[in-house]
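The values are calculated or read from the model by the stated rules, or taken from the named source; none is laboratory data. As the structure is a computational prediction, the values presented were derived from the model and not from experiment. Glycine gets a Cβ as well: all are built from the backbone with ideal geometry, and neighbour counts include every protein chain shown. With ligands, DNA and RNA removed, areas are computed over all heavy atoms of the protein, side chains included. Shrake-Rupley method; radii C 1.70, N 1.55, O 1.52, S 1.80 Å.
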2 protein chains.
Amino acid sequence: MYSSQRLPPFAAIRVFEACARHENFTRAAEELGMTQSAVSYQIKILEKRVGSPLFLRQSRRVELTEAGRILAMPTIDAFQRLRSGFAAVDAAAQKTLSINTSPTFALNWLSPRLSNFQVAHPGLAVRVAISCDETDFGRAEVDVAIRYGYGNWPGLTAHKLMASAFTPMLSRDLLDRIGVLAQPSDILIHKIIDPGDPYWACWLEHAGVDASALSDRIGSHLGSQSNEARAALEGQGVAMLTPAFFRTELEMGRLVQPFDLVASDRQAFWLVYPQTRKNERKLMAFRKWILSEMDQSGNSKIG
Amino acid sequence: MYSSQRLPPFAAIRVFEACARHENFTRAAEELGMTQSAVSYQIKILEKRVGSPLFLRQSRRVELTEAGRILAMPTIDAFQRLRSGFAAVDAAAQKTLSINTSPTFALNWLSPRLSNFQVAHPGLAVRVAISCDETDFGRAEVDVAIRYGYGNWPGLTAHKLMASAFTPMLSRDLLDRIGVLAQPSDILIHKIIDPGDPYWACWLEHAGVDASALSDRIGSHLGSQSNEARAALEGQGVAMLTPAFFRTELEMGRLVQPFDLVASDRQAFWLVYPQTRKNERKLMAFRKWILSEMDQSGNSKIG
DNA sequence: TGGAATACATAAGCTCAGCTTGTGGCTATT
DNA sequence: AATAGCCACAAGCTGAGCTTATGTATTCCA
């Protein structure tokens, strides 16, 4: 049900709209930031296209013809709708921040701290979209993501938040039961939660312990640090965890970190977003907040 | 009360409108008669300008984002208004034909014949705007004019309708009273209506009569042939008239043309209109009608 | 009455937005 | 595997849409 006719050139329509409001080419030109000459030219184009004059050229003023009057109303109206539409989308686009991240980071780092951000930005609704694999910015309505990796995502800007950091942890109860862990190799005597986790091998190597025995072990693959941490808290064994994610548990003594040694590879958590969107207000606000939050925790210094 | 914000480039808005309707860039491109590539480019422009994505690029289709949805409604709506506005003006512009001409031509030629035209074009309302001096096409809402002159109006197309043609006429009653008019010079004996009319001098010259005496004569200047004709009909004297305008009176015998000799200068009646409007339907219709009407009367052959 | 000011029209010429062409990549379908 | 459908992107061209400069007509004012 669309009038199938092709519309005249838009530049001309825009100029007409302004002229129809002012009934004055010079004023319209000023409003549009162009010369009176250009306005005159565009109106002429439009009149040629429409097939009849739209303005009567009186001395020192122009006056809408009947055709001009017929056209003026819907045109002015249409432009008003466009303007308010773009104003609305401008406002709305900065109202919701959608953060995509992994379950682990969301649960153990972001969620506990997000209320600070929300207090600081009461006009901004935050939506945390948790996904296990990296969601594509082109395919999902995500403003920013916190991703784990090497910081090299093409087309995306990445800010390093926190280097990878792993160290064995276990519950105090379990430690009490097994007595002292004097040196790293002692850990291998005990049950290891998810021995297939490559960070076990990594940490043991850092510690100078032969890790070859690990590969044969049977253990559960729980898929996220949260799950492994729960198992560790329940005393089911020793888990390889990121200290920054379990600061509270460590401080409260519910989890114990038997060795100072923290292993790391070249990976890290990164704040990432499309390069093209770097200047959005909501994005700048979040970037500023999360970087300062990381700074305060001293996490960004690690690795 | 206008959102003062500058709208994004119109090409981009137009493309967005089509894409929002189709949720498919390729279809939109087809509708707009451009390449998919151009559509993609314009949408990217608009997204950059708006500051957030408007479409999610799914495989084999695109989908509006929330921002896109907010924008789609008012945009589609605005375009609908524009389209119907232009459709309305298209229709309206061809609905009324405004003809500007002199009182003489209007009264003595056009009015009696105009009903033929209106019967042939029932959808077209005709407005005859009578004015003594030539009205400016730029200043008045006039579609066509019938002007008397040499056919050289800059910027206007002119079709010759009828060469100037003048000959003395008088009422039958008066002729009966004065008896026979054997030769042109006999006229000078009688009362001449408006002897200042240059066509008296012109006709007498054609007739080989010395017209110098005329200049001293006192007479009324009635301003239009209609008025002079009325005076002649009332038997007040001999008037210099255009035969084509008084065909009926001649046929009915109310006016008599004593001599076959018809004088003419280089002037004529012309159908004129702005060159730029030559292809308007209503104008073409009127041009065709009036030229064929002239042809039938054989007037265009004179002079 | 004449000259200053205001407003629109027009000619000429430049510049870059907006296109096209061509290609590549991804995904669904068979 | 092969095909077809759809979008992104790079490179390069061109003319629409400007600007500048000037002309014309009217009004205003001293």
### Task
Check off (1) buried (at least 18 other Cβ atoms within 10 Å of the Cβ); (2) modelled with pLDDT of 90 or more; (3) within 15 Å of DNA strand C (Cβ to nearest atom) for A:Gly33 and give me the number that stays unchecked.
(1)
### Query
Is it the case that segment A:25-39 has a residue that's farther than 20 Å from B:Arg6 by Cα and more than 10 Å from every other protein chain (Cβ to nearest Cβ)?
yes
### Message
Consider segment A:13-24. How many of its residues are surrounded by fewer than 18 Cβ atoms within 10 Å (Cβ to Cβ) and in a helix (DSSP H, G or I)?
### Response
2
### Query
Considering only residues of segment B:12-23 that are away from DNA strand C (no atom under 13 Å from the Cβ) and more than 10 Å from chain A (Cβ to nearest Cβ), which is farthest from B:Leu82 (Cα to Cα)?
B:Glu23
### Message
Looking at segment A:198-220, can you tell me whether even one residue there is closer than 30 Å to A:Gly138 by Cα and surrounded by fewer than 19 Cβ atoms within 10 Å (Cβ to Cβ)?
### Response
no
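Residue-wise test of (1) within 14 Å of chain A (Cβ to nearest Cβ); (2) polar (S, T, N, Q); (3) over 30 Å from B:Val128 (Cα atoms).
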| residue | (1), (2), (3) |
| --- | --- |
| B:Asp176 | no, no, yes |
| B:Gln183 | no, yes, yes |
| B:Val209 | no, no, yes |
| B:Ala229 | no, no, no |
| B:Leu241 | no, no, no |
| B:Arg266 | no, no, no |
## Note on the structure
Sole miss for B:Pro8 among (1) more than 17 Å from A:Gly138 (Cα to Cα); (2) more than 8 Å from chain A (Cβ to nearest Cβ); (3) buried (at least 17 other Cβ atoms within 10 Å of the Cβ) is condition (2)
### Message
Cβ contacts < 9 Å: first residue more than 13 Å from B:Ala18 (Cβ to Cβ) and near DNA strand D (Cβ under 7 Å from one of its atoms), restricted to segment B:35-63; second residue open to solvent by 20 Å² or more (accessible area, probe 1.4 Å) and not basic (Lys, Arg), any location; separation 6+ or different chain. Result?
### Response
B:Lys44/A:Thr276; B:Arg57/A:Asp136; B:Arg57/A:Gly138; B:Arg57/B:Glu63; B:Arg61/B:Glu23; B:Arg61/B:Asn24
### Task
Considering only segment A:127-158, state which residues are open to solvent by 50 Å² or more (accessible area, probe 1.4 Å) and away from every other protein chain (no Cβ under 14 Å).
A:Val128, A:Ile130, A:Cys132, A:Asp133, A:Glu134, A:Tyr148, A:Tyr150, A:Asn152, A:Pro154
### Task
Would you mind finding the one in A:Arg69, A:Arg27 that is surrounded by fewer than 21 Cβ atoms within 10 Å (Cβ to Cβ) and more than 16 Å from DNA strand D (Cβ to nearest atom)?
A:Arg69
## Note on the structure
Counting only residues that are within 11 Å of DNA strand C (Cβ to nearest atom), within 50 Å of the chain's Cα centre (by Cα) and open to solvent by less than 80 Å² (accessible area, probe 1.4 Å), segment B:36-66 contains a total of 8
### Task
Name the one entry in B:Ala72, B:Ala91, B:Ala78 that is within 12 Å of chain A (Cβ to nearest Cβ), away from DNA strand C (no atom under 12 Å from the Cβ) and modelled with pLDDT under 90.
B:Ala91
### Task
Return a yes/no flag: does segment B:163-182 have any residue that is modelled with pLDDT under 80 and in contact with a helix residue (DSSP H, G or I) (Cβ under 7 Å, 6 or more places away or on another chain).
yes
### Query
Which number in (1) farther than 28 Å from B:Thr248 by Cβ; (2) modelled with pLDDT of 90 or more marks the one condition that B:Arg127 misses?
(1)
### Query
So is A:Ala78 part of a helix (DSSP H, G or I) and crowded, with 18+ Cβ neighbours inside 10 Å or not?
yes
### Task
For segment A:101-124, enumerate the residues that are under 18 Å from A:Ile146 (Cα atoms) and open to solvent by 10 Å² or more (accessible area, probe 1.4 Å).
A:Ser102, A:Pro103, A:Thr104, A:Leu107, A:Asn108, A:Ser111, A:Pro112, A:Arg113, A:Leu114, A:Ser115, A:Asn116, A:Gln118
### Summary
Checked pairs for segment A:83-95, first in a loop (DSSP other than H, G, I, E, B), second surrounded by fewer than 15 Cβ atoms within 10 Å (Cβ to Cβ), C-beta under 8 Å and 6 or more apart or across chains, list as A:Gln94/A:Arg281; A:Lys95/A:Gly123; A:Lys95/A:Ala125
### Task
Examine segment B:277-287 for a residue that is in a loop (DSSP other than H, G, I, E, B), of a type outside the set (Lys, Arg), more than 24 Å from B:Ile192 (Cα to Cα) and away from every other protein chain (no Cβ under 14 Å), and state whether such a residue exists.
no
### Message
Testing A:Thr26 on (1) more than 8 Å from DNA strand C (Cβ to nearest atom); (2) among the β-branched types (Val, Ile, Thr); (3) without any contact (Cβ under 8 Å) to a residue 24 or more places away in the chain, one condition comes back false. Which one is that?
### Response
(1)
### Task
Would you mind stating whether A:Gln275 is under 30 Å from A:Val89 (Cα atoms), assigned by TED's automatic domain parsing to the domain that holds A:Val142 and modelled with pLDDT under 85?
yes
## Note on the structure
The number of residues in segment A:113-131 that are without any contact (Cβ under 8 Å) to a residue 60 or more places away in the chain and part of a loop (DSSP other than H, G, I, E, B) is 3
